[in-house]
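The values are calculated or read from the model by the stated rules, or taken from the named source; none is laboratory data. Everything numeric here is computed off the predicted structure, so don't read it as measured data. Every residue, glycine as well, gets a Cβ built from its backbone with ideal geometry; the counts of neighbours run over all protein chains shown. For the accessible areas, the whole protein counts, side chains as well, though only heavy atoms, and no ligand, DNA or RNA atoms are used. Shrake-Rupley method; radii C 1.70, N 1.55, O 1.52, S 1.80 Å.
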Amino acid sequence: MALRRRYLFVCANRRADDDAKGSCAFRGSEEIRAALKEQVKARGLAKLGARVCESSCLDQCSSGVCILVEPDHYFYGRVTLADVPEIAEALAQDRRVERLVLSEDDLARG
């Protein structure tokens, strides 16, 4: 099987609902991952373009829902269901959604 150009790891970590850090799952990551998989497939990217994977904690709880994009090695943060079509379209056009890319300051907060 050929490697895909990009792998998107969607954090699915779940903590207690009252945990101060929150969690990506509590913020809707499961629905976001499922929608992103559908959007990637609909654009014909699922075979070689991109694979959407579930991940355990990516240590970016303050910016959840977060998605790690590899091998480009950047994070999307504060992703909502409404952002999914734009992310999929950016993948199809070989670009990033800059407004969702976490900054160095975001990453330092974890």
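Would you please name the residue that is most open to solvent (accessible area, probe 1.4 Å), looking only at residues in the range 56-86 that are within 11 Å of VAL101 (Cβ to Cβ) and either part of a helix (DSSP H, G or I) or among the acidic types (Asp, Glu) (or both)?
ASP72
Select from the range 87-109 the residues that are in a helix (DSSP H, G or I) and among the hydrophobic types (A, V, I, L, M, F, W, C) and write down the one among them that is surrounded by the fewest Cβ atoms within 10 Å (Cβ to Cβ).
Our first condition is that a residue be in a helix (DSSP H, G or I); within the range 87-109, this holds for 87-92, 98-100, 104-109.
Still in the list and also among the hydrophobic types (A, V, I, L, M, F, W, C): 87-88, 90-92, 100, 107-108.
Working: ILE87: 24, ALA88: 25, ALA90: 17, LEU91: 23, ALA92: 16, LEU100: 20, LEU107: 16, ALA108: 9.
This residue is ALA108.
State which residue is nearest to the chain's Cα centre (by Cα) when the search covers only the range 1-55 and only residues that are aromatic (Phe, Trp, Tyr) and open to solvent by less than 100 Å² (accessible area, probe 1.4 Å). Break it down stepwise before answering.
Going through the range 1-55, the residues aromatic (Phe, Trp, Tyr) turn out to be 7, 9, 26.
Then drop every residue that is not open to solvent by less than 100 Å² (accessible area, probe 1.4 Å), which leaves 7, 9.
Details: TYR7: 10, PHE9: 6 Å.
The selected residue is PHE9.
Using beta carbons and a limit of 7 Å, which pairs, at least six apart or on different chains, have the first residue in the range 19-43 and outside any helix (DSSP H, G or I) and the second one among the aliphatic types (A, V, I, L, M)?
CYS24/ALA12; CYS24/VAL65; ALA25/ALA12; ARG27/VAL65; GLY28/VAL65; GLY28/LEU81; ARG43/ALA88; ARG43/ALA92
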